[in-house]
Amino acid sequence: MNPIEISQVASLCASVAKLIKSELSNGTVQTVANQIVVSLSRFEVEHRLGNLLQQIYRTIDQHFPIRNEHLSLVIKDLDGTYENCFKIWRSV
């Protein structure tokens, strides 16, 4: 990747992280090394991971329908027990 592409990925990650943060009622969202990291309570991860992931995918597809790069999403609990990594594929 050249510096322009890296900058575009970082910008997209920051925009998506801000969008996810506005959609979540609790937890933290940050970008680390071009990854979107969502930290939630252990209960949220254990009981709502599937629904939360669907909500995130739907929101990203709705607000960013055309993406030139893949996004890396990490959802983990605050206790450090669970850490799940997902790839959000670029649009075709």
The condition of being of a type in the set (Phe, Trp, Tyr), outside any loop (DSSP other than H, G, I, E, B) and exposed (fewer than 13 other Cβ atoms within 10 Å of the Cβ) holds, among Phe43, Phe86, only for Phe43
Of the listed residues (Ser39, Ser25, Ser7, Ser91), the one being touching an Asp or Glu at 6+ places or on another chain (Cβ under 9 Å) and at pLDDT below 90 is Ser91
Going through the stretch 67-83 in order, the residues found to be hydroxyl-bearing (Ser, Thr, Tyr) and assigned to a loop (DSSP other than H, G, I, E, B) are Thr81, Tyr82
Just a yes or no: is a residue in the stretch 17-39 in contact with a strand residue (DSSP E or B) (Cβ under 8 Å, 6 or more places away or on another chain), part of a helix (DSSP H, G or I) and surrounded by 15 or more Cβ atoms within 10 Å (Cβ to Cβ)? yes
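The values are calculated or read from the model by the stated rules, or taken from the named source; none is laboratory data. Computed from a predicted model, the values in this text were never measured in an experiment. Heads up, the Cβs are rebuilt from the backbone with ideal geometry, glycines too, and the neighbour counts pull from every protein chain shown.
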